[in-house]
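Worksheet: the structure to be examined is printed underneath.
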């Protein structure tokens, strides 16, 4: 039996890896991913230096001078960086001008129209009494570009400092003492203390935040890319065999289960080849960038384990859908429920990245269709899952994988013979339950 | 066991929903014979062949192929050419044939020898390294045929092997199939072509609406359906002849009537010779086509 399964797997592997589309995808995928990183980096380098003009309505007139001084200080110091000995502007100037309070005019409407006309970027209205710290008084910020957060963030910090200063002036506190009291306490991020194999204490080191977030995200993304470069071929190959009437010759020589296993094994071989290429590239890149220490060696091994499980789960689904359909367009309707399962990891991965040990993270990473992606993500994030969580995840996912392969085999057995019938989810379920 | 039939079906039934495609079918295919399945479209021939190949499981009955009952164990010794044929368009002829042979468990070297021999015989040697998509339809059918027999099977099942072939290729295929029998293989073929069936088959089974309506050697079938059919011409009123008890009209050929009688022709001749002036009397041996039409009637 295995010899035939192996024969099918070899043919599947060869027909996939020798296809021009696949070869192009293998080389273009890292180029696109790398290219998008380069584009984002170059966009980041092309800094925004367009002035932001802010109109200030300050009836008391106490805050505006201080705010303008703070803006001028920022405009002369904070927005320049040193590049090869010369200064280069690295952000927009904030240009403030005061609008005189005129009770007979509708100032907010007039300023709103100026914002719409592009004359000013935004305006703020400082309530009378704000400088004196009267209860309920505030500053309101108005713009039509709420996605630009740099200006309001700076305003918040500057206004906080100014109002504190004005309030302190009304007290008997020494301004230098007050300033000391309000000074923020520096917080440095460091790793935990560890002990090496000789019992020597290793002091805490600096945290590479980019690697801390980057390694799990890249690991999960890589798994996703490799799996979904491999499994769609199963859908296409099964539908092609049905369309070209090859299936009957095949199932006269091998059982539908053998055919399914052969195809799954072929997909596993294709994806393992991709792993060798991409993981090899990742190791090389990490070595070159000097961040290889940030990637635990065991992560590579777990990557392969979860890759295998993901391939069998999603590969079974795609094969079963292919077997049930006579044409690719029929498959699209059945792909909708399958896609819901596939994108579960995409719903939760950001939340897990922020809180990898939260009950939500544990529960979602134990949901078998999402386990390969999300458990790998958690493993790459300190402190990593508890051993029992990992063991339970492997057991649950293995059971789910077997169930998927079994159900796919049942669908395959009947679906491969069905011609010209539009497949429905109900029919697939009836095929799974058929004796 | 050489005396064992190559295929034995006993009361095999297969239904699709409410439709019974094969209804309590029993048959035995003797080893070394060419066994023809004939019948109109939808009569259950293809379903029966799929049941024999264990591609479909019967709802009821016994399926025994090459001595193996109810399993696919014998499938490696069977070459199957399905009615709906297909080849991998992107594979070369050699890759295609090697793949199908490997799926039958045939070692590569052995398959290569057999493949080369058949390619030469069917004049396809120069196409061996071409992709299948470059071949003509007729060539593809010959490649499909070679893929069926490249494993040197003991039993060859061919579902409509002559469909779509031009007359030259029909002859090539016919010769190839007969050579399989000469080499000891049992051949089961389904066909619509009654002439081919009558010329090639040692045994014929006719199916109609899922049931077996004919089964036996061509001679026995013709004897059964032929001895009661005569062509007769009489002087005078034809109606008098047709009013005779036990006579039914098959075809009015004009001057001559083809009729079916219930008794032996000699007895019938003796009975009517004194009553009417007979100018022509001929015992007719019906062709398989005639028998087919007679049984299938208006359904064909």
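The values are calculated or read from the model by the stated rules, or taken from the named source; none is laboratory data. Here the structure is a predicted model, which means the values were calculated and not measured. Neighbour counts run over all protein chains shown; Cβ positions are idealised from the backbone, glycine included.
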Report task. Could you give me the residue pairs with C-beta distances under 6 Å whose first residue belongs to the stretch A:27-44 and is more than 16 Å from residue A:221 (Cα to Cα), whose second residue is surrounded by 10 or more Cβ atoms within 10 Å (Cβ to Cβ) wherever it lies, and which are 6+ apart or on separate chains? Result -> none
Query - Residues of the stretch B:13-47 that turn out to be outside any strand (DSSP E or B) and more than 14 Å from chain A (Cβ to nearest Cβ), as a count - result: 12
Report task. Report yes if some residue within the stretch B:112-135 is without any contact (Cβ under 8 Å) to a residue 40 or more places away in the chain, at negative phi and crowded, with 22+ Cβ neighbours inside 10 Å; otherwise report no. Result -> yes
Query raised in the report: Do you know which of the residues in the stretch B:204-218 that are out of contact with any helix residue (DSSP H, G or I) (no Cβ under 8 Å at 6 or more places or on another chain) and under 28 Å from residue B:169 (Cα atoms) is modelled with the lowest pLDDT?
Result: B:217
Report summary line: Counting only residues in the stretch A:211-242 that are within 12 Å of another protein chain (Cβ to nearest Cβ) and farther than 16 Å from residue A:317 by Cα, the one surrounded by the most Cβ atoms within 10 Å (Cβ to Cβ) is identified as A:242
Query raised in the report: What do you reckon, is residue B:105 assigned to a loop (DSSP other than H, G, I, E, B), in contact with a helix residue (DSSP H, G or I) (Cβ under 6 Å, 6 or more places away or on another chain) and either within 12 Å of chain A (Cβ to nearest Cβ) or at pLDDT 90 or above (or both)?
Result: yes
Report summary line: If we keep only residues of the stretch B:48-62 that are away from every other protein chain (no Cβ under 11 Å) and buried (at least 21 other Cβ atoms within 10 Å of the Cβ), then the residue farthest from residue B:7 (Cα to Cα) is B:58
Query - Check on residue A:155, more than 14 Å from chain B (Cβ to nearest Cβ) and modelled with pLDDT under 85 - result: no
Query raised in the report: Regarding residue A:360, is this residue at pLDDT 85 or above, farther than 22 Å from residue A:232 by Cα, outside any loop (DSSP other than H, G, I, E, B) and under 20 Å from the mean Cα position of the chain (by Cα)?
Result: yes
Requested in this report: Determine the pairs where a residue that is surrounded by 14 or more Cβ atoms within 10 Å (Cβ to Cβ), located within the stretch A:136-153, has a partner that is in a helix (DSSP H, G or I) and modelled with pLDDT under 90 with Cβ atoms under 9 Å apart, the partner being 6 or more residues away or on another chain.
Outcome: A:139/A:163; A:142/A:108
Query raised in the report: Among the residues of the stretch B:67-99 satisfying the criterion of being buried (at least 18 other Cβ atoms within 10 Å of the Cβ), more than 7 Å from chain A (Cβ to nearest Cβ) and touching a strand residue (DSSP E or B) at 6+ places or on another chain (Cβ under 6 Å), which is farthest from residue A:11 (Cα to Cα)?
Result: B:74
Report summary line: Given (1) in a helix (DSSP H, G or I); (2) out of contact with any strand residue (DSSP E or B) (no Cβ under 6 Å at 6 or more places or on another chain); (3) in contact (Cβ under 8 Å) with a residue 40 or more places away in the chain, residue A:111 misses just (2)
Query - Matching option when the condition is farther than 19 Å from residue B:33 by Cβ, out of contact with any helix residue (DSSP H, G or I) (no Cβ under 6 Å at 6 or more places or on another chain) and either away from chain A (no Cβ under 14 Å) or surrounded by fewer than 19 Cβ atoms within 10 Å (Cβ to Cβ) (or both), among B:174, B:181, B:231 - result: B:231
Query raised in the report: What tally of residues in the stretch B:48-63 results from selecting those that are touching a helix residue (DSSP H, G or I) at 6+ places or on another chain (Cβ under 7 Å) and in a loop (DSSP other than H, G, I, E, B)?
Result: 5
Query raised in the report: Does the stretch A:45-69 hold any residues that are part of a loop (DSSP other than H, G, I, E, B) and free of Cβ contacts under 8 Å to residues at least 24 places away in the same chain, and which are they?
Result: A:46
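One line per residue, one yes/no per condition, for (1) within 14 Å of another protein chain (Cβ to nearest Cβ); (2) in contact with a strand residue (DSSP E or B) (Cβ under 8 Å, 6 or more places away or on another chain); (3) buried (at least 22 other Cβ atoms within 10 Å of the Cβ):
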{"position": "A:244", "(1), (2), (3)": "yes, no, no"}
{"position": "A:247", "(1), (2), (3)": "yes, no, yes"}
{"position": "A:251", "(1), (2), (3)": "yes, no, yes"}
{"position": "A:257", "(1), (2), (3)": "yes, no, no"}
{"position": "A:260", "(1), (2), (3)": "no, no, yes"}
{"position": "A:271", "(1), (2), (3)": "no, no, yes"}
{"position": "A:280", "(1), (2), (3)": "no, no, no"}
{"position": "A:289", "(1), (2), (3)": "no, no, no"}
{"position": "A:306", "(1), (2), (3)": "no, no, yes"}
Report summary line: Just one listed residue, out of A:158, A:217, is farther than 30 Å from residue A:37 by Cβ and in contact (Cβ under 8 Å) with a residue 12 or more places away in the chain, and it is A:158
Query - Identity of the residue in the stretch A:1-22, at the interface with chain B (Cβ under 8 Å from one of its Cβ atoms) and more than 37 Å from the chain's Cα centre (by Cα), that ends up nearest to residue A:233 (Cα to Cα) - result: A:7
Query raised in the report: Residues A:353, A:433, A:381: which one is at pLDDT below 90, in contact with a helix residue (DSSP H, G or I) (Cβ under 9 Å, 6 or more places away or on another chain) and over 30 Å from residue A:301 (Cβ atoms)?
Result: A:433
Report task. State whether the residues of the stretch A:83-106 include one that is in contact (Cβ under 8 Å) with a residue 12 or more places away in the chain, out of contact with any strand residue (DSSP E or B) (no Cβ under 9 Å at 6 or more places or on another chain) and within 16 Å of residue A:52 (Cβ to Cβ). Result -> no
Query raised in the report: Is it true that some residue in the stretch A:155-170 is loosely packed, with under 15 Cβ neighbours inside 10 Å and closer than 30 Å to residue A:210 by Cα?
Result: yes
Query - Test result for residue A:96, in contact with a helix residue (DSSP H, G or I) (Cβ under 8 Å, 6 or more places away or on another chain), closer than 24 Å to residue A:144 by Cα and part of a strand (DSSP E or B) - result: yes
Query raised in the report: Looking at the stretch B:160-259, what strands (runs of 3 or more DSSP E) fall wholly within it and have at least 3 residues that are touching a residue at least 40 places away in the same chain (Cβ under 8 Å) and within 12 Å of the chain's Cα centre (by Cα)?
Result: B:186-190, B:203-208
Requested in this report: State yes or no: is residue B:73 farther than 30 Å from residue B:199 by Cα and either within 21 Å of the chain's Cα centre (by Cα) or assigned to a loop (DSSP other than H, G, I, E, B) (or both)?
Outcome: yes
**Report entry** Unique match (being farther than 30 Å from residue A:128 by Cα and exposed (fewer than 12 other Cβ atoms within 10 Å of the Cβ)) among A:14, A:88, A:46
**Finding:** A:46
